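So the structure is just underneath, and the comments pick up after that.
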Amino acid sequence: MENLSTWEDAGWGNRSTANLRTPSVAIISDERFPHYATNTQQVVKNADALAAAGLPSDLIIPVQWKGLFRPGYDVADAISKYYNVPRRTSIKKIFTIPASNLRIEKVTHCIAALIYASIRKYDVIYTRNEFTAIMSVLLGKKTVFETYRKFGDEYPRFMRWLSKYACKPAFLGMILHSRLSFDSMRWAGFPAEKLAVFHNGFDYADMQPMLTKTEAREILGWEKSQRHVVYTGNMQVNKGIESVIDIAGKMPAVKFVLVGGTLSDSLRLQNYAEQNAVSNVTFTGFKAIKEVSCYLYAADALIIPPVSAPLEKYGRTVLPFKTFLYLAAGRPVLAPLQPDLTEVLEDDYNALLVEPDNLDAAVAALESLFANPAMHLRISENAAASVSDLTWDARAKKIIRWLTNAFHGYYPVFKQQEKHAPAKTAVTAV
């Protein structure tokens with residue numbers, strides 16, 4: 001049986017860790033909330049799951065410009081509604097330069113948040129912000145840094161210089177979203193025992209109500225017999241969405257639906273479709289998180305642009321966030337055969353993986369899928385089953401265990417998880 005690069009802790013030898021005190025944690029983020037950027041959703045979903053799993057923590061954010069002059073504006077309520085999470089995360093606002101698209105608050109919030117955390121005597125600083133993490137370690141604060149990026153590849157010299165600080169007791173470790181990121185940081189000299197891989201996940205609340213394809217199409221007004229391929233998420237230039245339009249141009253009998261994106265991105269892509277005489281692409285514009293699942297359930301297949309640029313050229317798309325929601329919907333996923341995606345996707349098991357930048361291969365894979373109902377059903381069922389343990393709640397429990405042990409100086413050995421582990425799933429069949 002093959003192995004995925006999904007890591008589970010293998011335990012801490014003979015050490016007894018059950019009675020260790022769970023540290024209090026300041027989760028520091030300098031982001032704008034709410035905001036369409038995927039990283040803000042990751043911060044909120046992660047903080048919510050950690051709170052639900054019992055971690056004593058506060059999410060410390062800058063005061064938000066968008067609510068500064070709105071009497072009665074409640075940022076916690078806005079976050080709850082926008083990201084579809086309960087109001088159980090403790091949110092602390094720091095009054096420095098307000099968070100806005102200008103991003104000038106990044107440094108001031110770092111300083112103010114670390115001062116606040118020192119006064120409140122949190123045990124651990126937990127952040128995705130590079131400057132905050134570096135300052136925290138230099139100040140001797142016990143620090144956890146989380147990232148999806150391959151910093152070892154992006155800034156090799158700087159990361160090698162920083163790696164000497166990773167050996168200090170103040171640096172508890174780094175939480176990485178993929179084995180690819182792990183390898184990058186390990187190559188840069190960071191000690192392996194302080195690097196932990198925890199894939200992102202999905203929230204069952206975002207998949208409600210669970211719908212059959214027929215039910216979802218009735219809600220959306222789609223034809224029951226028409227083939228639909230769906231993409232959801234951001235649509236900046238570095239996402240390679242033009243490739244989806246190119247594929248649509250080669251499959252005129254299939255409807256392609258692009259869900260999300262800013263107005264400017266949608267207009268850019270609409271112009272691209274018009275210039276290339278592609279008329280079978282629909283742009284829905286932005287949709288609330290709780291609305292997206294209906295489009296996923298209504299799809300025959302879901303697509304991640306099968307091109308190399310997002311990972312290899314831009315480096316800002318590593319194991320896309322949407323991958324987990326796609327699988328949770330129980331639909332086949334067409335994606336490029338790249339090392340980040342193969343950590344959770346397997347060709348002909350829960351996905352169709354094709355050579356990056358070979359759009360003819362992508363078209364052939366979709367046509368084969370649509371021509372083979374048994375294959376379609378098998379891959380759909382496997383997709384749903386393969387993420388039953390890749391939820392935010394499951395991830396949070398693993399992080400808390402790892403964090404508690406790291407805080408007390410115990411570091412686990414990680415092992416790979418078997419790929420086709422039996423799993424229960426609540427998502428619907430096709």
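The values are calculated or read from the model by the stated rules, or taken from the named source; none is laboratory data. Given the structure is predicted, the values throughout are model-derived calculations rather than measurements. So basically every Cβ, Gly included, is an ideal-geometry build from the backbone, and we count neighbours across all protein chains shown.
Among the listed residues Lys150, Lys141, Lys164, identify the single one that is free of Cβ contacts under 8 Å to residues at least 40 places away in the same chain, under 22 Å from Ala196 (Cβ atoms), out of contact with any strand residue (DSSP E or B) (no Cβ under 6 Å at 6 or more places or on another chain) and of a type in the set (D, E, K, R).
Working: Lys150 fails: free of Cβ contacts under 8 Å to residues at least 40 places away in the same chain; Lys141 fails: out of contact with any strand residue (DSSP E or B) (no Cβ under 6 Å at 6 or more places or on another chain).
The match here is Lys164.
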Filter the range 212-244 down to the residues that are buried (at least 21 other Cβ atoms within 10 Å of the Cβ) and among the hydrophobic types (A, V, I, L, M, F, W, C), then identify the one that is nearest to Tyr326 (Cα to Cα). Val230
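Condition check ((1) surrounded by 21 or more Cβ atoms within 10 Å (Cβ to Cβ); (2) modelled with pLDDT of 95 or more) across all residues:
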residue: Ser380; (1), (2): yes, yes
residue: Ala394; (1), (2): no, yes
residue: Ile400; (1), (2): no, yes
residue: Ala423; (1), (2): no, no
Among all residue pairs at least 6 apart or on different chains, which show Cβ distances below 6 Å where the first residue, located in the range 84-110, is charged (D, E, K, R) and the second is in a strand (DSSP E or B)? Lys92/Asp58; Lys92/Ile60; Lys93/Val63; Glu105/Pro62; Glu105/Ile97; Glu105/Ala99
The condition from (1) under 23 Å from the mean Cα position of the chain (by Cα); (2) assigned by TED's automatic domain parsing to the domain that holds Pro191 that Tyr411 misses is numbered (1)
Of (1) crowded, with 21+ Cβ neighbours inside 10 Å; (2) out of contact with any Pro (no Cβ under 9 Å at 6 or more places or on another chain), Arg179 fails just (2)
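Residues checked against (1) modelled with pLDDT of 95 or more; (2) in a helix (DSSP H, G or I):
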{"position": "Ile97", "(1), (2)": "no, no"}
{"position": "Leu102", "(1), (2)": "no, no"}
{"position": "Ala133", "(1), (2)": "yes, yes"}
{"position": "Ser136", "(1), (2)": "yes, yes"}
{"position": "Gly140", "(1), (2)": "yes, no"}
{"position": "Trp161", "(1), (2)": "no, yes"}
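Would you confirm, using the coordinates I've provided, whether Ala47 is surrounded by fewer than 15 Cβ atoms within 10 Å (Cβ to Cβ) and either in a loop (DSSP other than H, G, I, E, B) or at pLDDT 95 or above (or both)? Give the derivation first.
Numbers: surrounded by fewer than 15 Cβ atoms within 10 Å (Cβ to Cβ): no; either in a loop (DSSP other than H, G, I, E, B) or at pLDDT 95 or above (or both): yes.
Criteria not met by Ala47.
Among the residues of the range 114-131, which ones are aromatic (Phe, Trp, Tyr) and in a loop (DSSP other than H, G, I, E, B)? Before you say what the answer is, go through the steps one by one.
First, the residues of the range 114-131 that are aromatic (Phe, Trp, Tyr): 116, 122, 126, 131.
Once the filter is applied, which keeps residues that are aromatic (Phe, Trp, Tyr) and in a loop (DSSP other than H, G, I, E, B), the range 114-131 yields only Tyr122.
So which residues in the range 229-259 are out of contact with any Leu (no Cβ under 8 Å at 6 or more places or on another chain), free of Cβ contacts under 8 Å to residues at least 60 places away in the same chain and outside any helix (DSSP H, G or I), if there are any at all?
Just the residues of the range 229-259 that are out of contact with any Leu (no Cβ under 8 Å at 6 or more places or on another chain), to begin with: 233-234, 236-240, 248-249, 252-253, 255-257, 259.
This time we only want the ones that are free of Cβ contacts under 8 Å to residues at least 60 places away in the same chain, so: 236-237, 248-249, 252-253, 255-257, 259.
Scanning the range 229-259 gives Gln236, Pro252, Ala253, Lys255, Phe256, Val257, Val259.
If you take the residues of the range 28-50 that are of a type in the set (Val, Ile, Thr) and within 13 Å of the chain's Cα centre (by Cα), which of them is nearest to Phe145 (Cα to Cα)?
Going residue by residue through the range 28-50, those that are of a type in the set (Val, Ile, Thr) are 28, 38, 40, 43-44.
Filter once more, so that each one left must be within 13 Å of the chain's Cα centre (by Cα): 38, 40, 43-44.
Working: Thr38: 18, Thr40: 16, Val43: 12, Val44: 16 Å.
Looking at residues that are of a type in the set (Val, Ile, Thr) and within 13 Å of the chain's Cα centre (by Cα), I get Val43.
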